[in-house]
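Worksheet: the structure to be examined is printed underneath.
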Amino acid sequence: MKGTITLRLAITTMVLCLPLISNSTLAQQEKSKEAGSTEPKPVVTYRIEFNVREIEGGKRLNSRNYVMVLEEGSYGSFRVGNRVPIVLEKGPQYLDVGMNLDCRPRERGDAVSLEIHVESSSVVAQEPAQTATSNPVFRQQRTNVSLVVTPGKPTVVASMDDVLSNRRYEIEVTATKVK
């Protein structure tokens, strides 16, 4: 009698648990199929071209081009310039002077979202009254921009007036998807 009850209990337990086991197995099989069928997302690469123009009185004085090729979501930077000495009590120190460009492209459907940081600095010519031990005066322009652009279309992303002259600086960016 006791053996019959144990057998019935075992059969009842199996009957009740069987649907749970089969549902769990089906769920695992579906996950396996989904994981196997998903192909890795192709890497999207962009060619980012910067054109930095210096303009005075409507006339272009200078133009510099910088190009970087970046994967979508990655970060790229340029550091172009010189190290300029300045005199401090603790001895000479150096400051970097020139062009710094940082960029991060992100795919946005048919467009490209760009996060851009641009910093340009230069040494202002010394006045005759300054001595050789005087520290130089620096000129600096800086901008941070986040925007969405159309691939292949040149876009002026920033325009800055120099506060000490009639000069204006324009930063144009062209982001092209590399195939």
Inside the stretch 133-179, counting only strands (runs of 3 or more DSSP E) that do not spill past its ends, which hold 2 or more residues that are surrounded by fewer than 14 Cβ atoms within 10 Å (Cβ to Cβ) and assigned by TED's automatic domain parsing to the domain that holds residue 115?
137-149, 155-161
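Any idea which residue in the stretch 71-100 is farthest from the chain's Cα centre (by Cα), counting only those that are assigned to a loop (DSSP other than H, G, I, E, B) and either under 20 Å from residue 47 (Cβ atoms) or of a type in the set (Ser, Thr, Tyr) (or both)? Give the steps one after another, and end with the answer.
Narrowing the stretch 71-100 to residues assigned to a loop (DSSP other than H, G, I, E, B): 72-75, 89-90.
Narrowing further to those that are either under 20 Å from residue 47 (Cβ atoms) or of a type in the set (Ser, Thr, Tyr) (or both): 72-75.
On the way: 72: 8, 73: 6, 74: 6, 75: 4 Å.
Checked the stretch 71-100; the qualifying residue farthest from the chain's Cα centre (by Cα) is 72.
The values are calculated or read from the model by the stated rules, or taken from the named source; none is laboratory data. Bear in mind that the values here come from a model prediction, so they are computed numbers and not experimental data. Note that each Cβ is placed from the backbone with ideal geometry, even for glycine, and that neighbours are counted across all protein chains shown.
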